[in-house]
Amino acid sequence: MEVLLQNFTHVPVDETFSGVYSVTSLGASIHQSFGYANRSEQIQHDVTTRFGIASGCKLFTAIAICQLVEQGRLSFSTSLESFQTLDLPYISSQVTVHQLLTHTSGIPDYFDESVSDDFEALWRNVPMYRLRQLRDFLPFFQQKAMRDEPGSRFSYNNAGYILLGLIVEEVTGQSFTDYVEQSIFQPAGMSDSGYFSLDALPANTALGYIDHKDGTWRTNQYAIPIKGGADGGAFVTVQDMTRFWQALLSHQLLDASSTARLLTPHVTVNDRGGSYGYGLWIQHHATGDIFKYHVMGYDPGVSFHSGYYPETDIISVVCANQSDGAFDVMKQIETQIGEKFE
């Protein structure tokens with residue numbers, strides 16, 4: 001372990017990287033910070049900095065659903081026709097919870113990442129500051145036709161996770177964010193994490209930055225929804241994200257059976273060993289063995305990647321307050337994992 005930590009103190013990081021990474025194994029952890037949480041005030045990042053993680057928190061949504069299934073309040077085969085508060089006239093009522101979790105529902109998306117990468121374009125007609133609740137997203141997709149037959153293929157879908165969050169709200173009577181903070185963050189010891197509004201960020205929270213080719217920059221305050229929800233937008237620290245993985249894998253959030261189902265490769269997503277479980281990606285070796293479970297999130301001003309490597313019991317977290325960079329740092333970390341352990 002000492003050799004591993006010594007190696008990781010020298011992970012090469014691009015000089016433009018702004019964020020924090022952490023690597024944890026066998027109870028020991030190392031981390032490094034780069035750049036500023038607030039560029040104007042030159043407030044540097046440290047291990048306590050909170051970062052937005054965009055779609056990285058879809059896993060929290062999946063766990064919320066699994067908890068309700070454990071409690072007998074829901075099943076993975078439950079279809080949309082069971083939920084009376086959802087107004088979805090053109091979406092098949094036969095879409096199931098399992099299909100929403102695995103991006104195989106075939107429903108229309110409010111932002112199709114396979115068609116466009118201009119997330120900011122969504123707010124040209126509907127100001128981002130109006131999107132404070134999950135229901136505020138429904139007008140973006142509820143009048144659209146189905147894209148595929150339910151269950152026919154994998155197609156990454158943000159709207160599906162909005163519906164899962166609305167299901168959590170209908171079943172529990174709580175707001176989605178309150179439920180996750182109480183039933184996932186608190187049991188996992190994630191005391192610094194939450195779903196914070198961009199116009200009321202707490203202390204030690206990194207502002208997200210969008211960099212332009214001419215060297216100028218701006219914050220992402222007008223580029224993403226003002227408050228995150230079931231498809232993305234929570235804030236975490238690298239320490240809290242590590243605690244999250246530890247709580248999940250030690251069955252503090254779900255029992256052993258539910259955890260195993262969450263981590264099951266339910267659908268193949270590419271021919272390079274990639275599959276999807278419930279709310280997380282799974283990467284396989286050529287042998288078929290699982291190399292890592294991971295989550296990632298990319299928005300304007302946000303770059304995030306975190307993984308668990310079951311063969312070595314390593315947890316890695318990379319948080320950045322810029323639109324890219326986390327992936328490259330993660331690859332450097334994985335290069336060392338590969339050199340040392342594969």
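The values are calculated or read from the model by the stated rules, or taken from the named source; none is laboratory data. Quick caveat, the model's predicted, so the values are computed rather than measured. When we count neighbours, we look across all protein chains shown, and the Cβ atoms used for this are built from the backbone with ideal geometry, even at glycine. Accessible surface is based on the protein model in full, side chains and every heavy atom, while ligands, DNA and RNA are left aside. Shrake-Rupley method; radii C 1.70, N 1.55, O 1.52, S 1.80 Å.
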The stretch 234-283 versus the stretch 149-221: alpha-carbon centroid distance in Å: 17 Å
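For the stretch 11-86, what class follows from the C-alpha gyration tensor (a ≥ b ≥ c being the square roots of its eigenvalues): rounded when a/c is under 1.5, otherwise prolate if a/b is larger than b/c, else oblate?
Here the stretch 11-86 falls in the prolate category.
Which three semi-axes in whole Å describe the equivalent ellipsoid of the chain, each the square root of 5 times a Cα gyration tensor eigenvalue, listed largest first?
30, 25, 19
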Label-point separation (nm) for Arg130 and Ala203, each offset 7 Å from Cα along Cα-to-Cβ? 3.7 nm
If I model a spin label as a point 7 Å beyond the Cα along the Cα-Cβ vector, how far apart are those points for Asp211 and Ser152 in nm? 4.2 nm
The answer for the per residue Cα convex hull volume of the stretch 196-342, in Å³, is 144 Å³
Heavy atoms of Phe17: accessible area, 1.4 Å probe, square angstrom to 10: 10 Å²
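State the extension gain, in nm to one decimal, for the chain segment bounded by Gln221 and Ser191, taking 0.36 nm per residue of separation less the distance between their alpha-carbons. Could the numbers behind the result be given before it?
Details: separation 30, 0.36 × 30 = 10.80 nm, distance 2.40 nm.
Contour length minus the Cα-Cα distance gives 8.4 nm.
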Rounded, prolate or oblate: which fits the stretch 152-223, taking a ≥ b ≥ c as square roots of the Cα gyration tensor eigenvalues, rounded meaning a/c under 1.5, else prolate when a/b beats b/c? oblate
Please list the non-local residues whose amide H lies under 5 Å from the amide H of Ile290, H modeled 1.01 Å from N, same-chain partners needing a gap of 5 or more. His285
Give or take rounding to whole Å, what are the principal axis extents of the alpha carbon atoms in the stretch 74-212, in descending order? 45, 40, 24
Can you run phi through the Karplus equation (6.51, -1.76, 1.60; θ = phi - 60°) for the stretch 38-48 and list ³J(HN,Hα) in whole Hz, with x for Gly and Pro? 9, 5, 4, 8, 6, 8, 7, 5, 8, 5, 8
Return one quarter of the surface area of the convex hull spanned by the alpha-carbon atoms of the stretch 236-281, equal to its mean projected area, in nm². 3.8 nm²
Hey, which lysines would be in cross-link range of Lys144, C-alpha to C-alpha under 27 Å, not counting anything within fewer than 8 residues on its own chain? Lys58, Lys227
Pick from Met146, Met296, Met190 the residue whose mean-square fluctuation is largest in a GNM of the chain, springs joining Cα atoms under 10 Å. Met146
